[in-house]
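Every read-out reported here was derived from the displayed coordinates using simple, explicitly stated rules and does not represent laboratory data. Note that the structure is predicted; figures quoted are calculated from it, not measured. As a convention, Cβ positions derive from the backbone with ideal geometry for all residues, glycine included, and neighbour counts pool all protein chains shown.
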Amino acid sequence: MTDPATTPGPATHQTIDTSVPHSARIWNYWLGGKDNYPVDEEAGDAYTAVFPGIVTIARSSRAFLRRTITYLVDEAGIRQFLDIGTGLPTAENTHEVAQRLAPEARIVYVDNDPMVLAHARALLYSSPQGATAYIDATIADPDRILAAAAETLDLARPTALILSNILGHVADYAQARSIVTQLMDALPAGSYLSVNDGSRGIDPVFEQAQDAYNTSGAVAYNLRTVEEITAYFDGVELIDPGVVPVTQWRPEPGTPAPDVIAEHGGLARKP
């Protein structure tokens with residue numbers, strides 16, 4: 001296996017703050033991982049005490065990622081992936097799914113948490129035929145992301161942009177849409193956009209738990225309506241079945257009828 005490339009950025013030298021909960025570590029806790037601290041477990045437990053369904057949302061989000069990556073490799077022929085807000089490595093990461101199907105696939109991960117960076121250096125290994133790189137940057141700096149990604153990806157070739165549970169961290173919705181537009185404008189025709197985020201207007205208990213979390217000291221995560229999530233795909237062509245609860249996006253044949261959950265997502269092609 002080859003070592004992952006890491007592109008350092010301004011946040012590389014930050015220390016890990018264990019005094020406040022962090023969304024990536026809480027998400028890792030909900031997924032059954034061990035890369036978290038007591039403050040994250042406390043915040044995660046407080047959340048699940050109000051809304052136990054968050055664990056289902058977290059795991060359904062990961063399953064949606066696996067299915068979309070599989071579609072992109074097997075049916076769309078994509079071999080390049082830009083995954084922004086990847087979070088802590090767990091099972092079925094983007095590069096693992098993509099390179100299992102196409103070892104030559106090239107993946108660039110983006111995050112800005114020092115703990116995530118440390119784990120990426122240690123764990124995100126590429127196949128010998130492909131490449132896996134890591135950029136230390138925030139989604140609020142798309143110019144830096146694109147410049148650094150171009151060191152590993154050929155952005156003149158179709159590329160899949162993965163935005164999984166990250167746009168909710170952009171407080172201003174207009175800014176979030178602008179970021180998506182700027183990133184997709186830099187990619188050629190035949191590229192794909194995958195977005196999934198927590199949705200408002202589906203489950204009031206979920207909204208109550210999220211509002212409480214946003215006052216915990218952690219970086220706030222803003223739920224968006226289904227219409228707002230759908231608008232991220234303006235200008236690109238949605239793949240059937242469109243923007244739906246992530247459990248209902250092309251579920252595996254033979255699985256039980258999927259539940260409707262307050263996490264919506266979709267996949268679209270740039271014409």
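Could you size up the charge dipole of the chain around its Cα centre, putting +1 on the beta carbon of Lys and Arg and -1 on that of Asp and Glu, and report it in debye to the nearest 20?
On the way: 18 positive and 34 negative charges, 113 e Å.
Magnitude of the dipole: close to 540 debye.
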- Positive end of the charge dipole of the chain (Lys, Arg +1 and Asp, Glu -1 on Cβ, about the Cα centre): tell me which of Leu155, Pro21, Ser127 has its Cα farthest that way. Ser127
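R0 = 30 Å: FRET efficiency of Val260 with Thr18, Cβ-based, nearest 0.05?
About 0.25, to the nearest 0.05.
If packing is taken as the average count of other Cβ atoms within 10 Å, what order do 158-170, 127-139 fall into, highest mean first? If you can, show how the numbers build up before the last one.
Values: 158-170: 22.9, 127-139: 21.2.
Put in order of decreasing packing, that is 158-170, 127-139.
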- Task: Starting from the amide H of Val244, placed 1.01 Å from N in the peptide plane, find each other amide H under 5 Å away whose residue is 5 or more places distant or on another chain.
- Result: Gly265
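Please tell me the relative contact order of the chain in percent, rounded to the nearest whole number, where contacts are Cα pairs under 8 Å and at least six residues apart. Before the final figure, lay out each step's value.
Numbers: 526 pairs, mean separation 55.9, N = 271.
RCO, the chain: 21 percent.
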- Query: How high is the relative contact order of the stretch 170-227, in percent, counting Cα pairs under 8 Å that sit 6 or more residues apart?
  - Reply: 42 percent
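Shape verdict for the chain, please, from the Cα gyration tensor: rounded (a/c under 1.5), prolate (a/b greater than b/c) or oblate. Display every interim value, and only then the final one.
On the way: a/c = 1.43, a/b = 1.14, b/c = 1.26.
Since a/c stays below 1.5, the shape of the chain is classed as rounded.
Please identify the helices of the chain, taking whole runs of DSSP H, that span at least 27 Å along their own axis as judged from the Cα atoms and have a mean Kyte-Doolittle score of -0.5 or higher. Don't skip to the answer; put the middle values down first.
On the way: long enough: 54-74 (30 Å, 0.45).
Correct list, ordered by number: 54-74.
With only Lys, Arg, Asp and Glu charged, each at its Cβ (+1 for the first two, -1 for the last two), find how big the charge dipole of the stretch 190-271 is about the Cα centre; round to the nearest 20 debye.
Working: 5 positive and 12 negative charges, 48 e Å.
Magnitude of the dipole: close to 240 debye.
Given only helices, namely DSSP H runs of n ≥ 4 each adding -39500 (n - 2.57), what is the per-residue ellipticity at 222 nm of the chain, to the nearest 500 deg cm²/dmol?
Working: 9 runs with 97 residues, N = 271.
After summing the helix terms and dividing by the residues of the chain, the value is -11000 deg cm²/dmol.
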